[in-house]
Amino acid sequence: MLVIKPHRLVAPLILKIRYLSQEPSGHTNPHHNVDQREVDTLGKMAEEWWNPTGPLKGLHSMNSLRVPLIRDGLIATSLVPQGQIRSPQVLKGLDILEVGCGGGILTEALARIHANVVGIDPGEKLINVAREHAERDQKISPRIQYLMETVEEHAQKNVDRYDAVVASEVLEHVNDKAAFLEHCVMALKPGGSIFITTLNKTTASWLGGVVAAEYVLKLVPENTHDWEKFIAPLDLQRMLKTFNCTTVLVHGMSYEFWRNSWSWCKRMDINYAVQAVKLVDN
């Protein structure tokens, strides 16, 4: 089983960082969580972002799992009116924040099923690509807004605003995961869901997601990911619990690179997805 994501060849594999022990850092700089090296690496792919057979083809094909995950998760938590469930406009009236939206691959897909989506990203090149691409389709562009800012900046101005917050293939780029998740949840309405897809921190994810994906198969550019930033599902669930969220779904994801296809699986040693619901305060 291989992955579509990566990092540099480092790290003793026996090292296990427990992010649960991290507390929100209290940083006043809203950009403290932005790794400019990684932003620059992703920015270099801006011109190829919307090429479905290019270096990000795995991210394009991942929508076959990500969109149903979000759609069905919001249906299951009763945020979608019954009359819309079988409609092409299934997410009509729902507000979604995509954190780390990049060039907008998932953002546009959610807008196509009529969600109102705000996409935020600290990368200027990627936000420009996202805006330019969305403007080509007037059927979806009115439902999309792109902003070049961090979730720390955005959440302060949008407390309890969104029905869903999505961080897909983003958490593995974040230094201070506690602060990042705290602000994601801050922007979420009570009863709303946070959806995360990311990489587990295992020997398999280092070998498959870093060594093979970057250096052997060249699925993505070198230095796209840092294995030290990967996080285990249990650690992520514990962290979400500290921010008043209860996990309702954890599932493994498998990528078959030879046919560019994703599927759900029981194993979570490389890629996995989480849905957690923000509890309503009593």
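The values are calculated or read from the model by the stated rules, or taken from the named source; none is laboratory data. The shown structure was predicted, so the numbers you read here are calculated from the model rather than taken from an experiment. Neighbour counts run over all protein chains shown; Cβ positions are idealised from the backbone, glycine included. Just the protein is used for accessible areas: all its heavy atoms, side chains included, with ligands, DNA and RNA removed. Shrake-Rupley method; radii C 1.70, N 1.55, O 1.52, S 1.80 Å.
When you scan the stretch 119-141, how many residues do you find that are out of contact with any strand residue (DSSP E or B) (no Cβ under 6 Å at 6 or more places or on another chain), open to solvent by less than 100 Å² (accessible area, probe 1.4 Å) and not acidic (Asp, Glu)? So the count comes out to 8.
Per the listing 164, 155, 213, 204, the residue uniquely hydrophobic (A, V, I, L, M, F, W, C), at pLDDT below 95, surrounded by 22 or more Cβ atoms within 10 Å (Cβ to Cβ) and not in a loop (DSSP other than H, G, I, E, B) is 213.
Could you tell me whether residue 223 is open to solvent by less than 40 Å² (accessible area, probe 1.4 Å), among the polar types (S, T, N, Q) and over 24 Å from residue 96 (Cα atoms)? So residue 223 does not fit the description; no.
Given the criteria charged (D, E, K, R), under 18 Å from the mean Cα position of the chain (by Cα) and not in a helix (DSSP H, G or I), does residue 218 qualify? Can you show your working first?
Details: charged (D, E, K, R): yes; under 18 Å from the mean Cα position of the chain (by Cα): no; not in a helix (DSSP H, G or I): yes.
In short, no.
Within the stretch 74-90, the set of residues being surrounded by fewer than 18 Cβ atoms within 10 Å (Cβ to Cβ), part of a loop (DSSP other than H, G, I, E, B), of a type outside the set (Ser, Thr, Tyr) and touching a residue at least 24 places away in the same chain (Cβ under 8 Å) comprises 88, 89. Between 103, 93, the distinction of being within 20 Å of residue 51 (Cα to Cα) and part of a loop (DSSP other than H, G, I, E, B) belongs to 103 only. When the criteria are applied in full, residue 194 fails the requirement of being more than 23 Å from residue 43 (Cα to Cα), touching a residue at least 12 places away in the same chain (Cβ under 8 Å) and part of a loop (DSSP other than H, G, I, E, B). Residues that are touching a Leu at 6+ places or on another chain (Cβ under 6 Å) and either buried (at least 18 other Cβ atoms within 10 Å of the Cβ) or within 30 Å of residue 55 (Cα to Cα) (or both) within the stretch 226-238 comprise 230, 235, listed in sequence order. Looking at the stretch 53-73, can you tell me whether even one residue there is in a loop (DSSP other than H, G, I, E, B) and open to solvent by 40 Å² or more (accessible area, probe 1.4 Å)? Yes, the stretch 53-73 contains a residue that is in a loop (DSSP other than H, G, I, E, B) and open to solvent by 40 Å² or more (accessible area, probe 1.4 Å).
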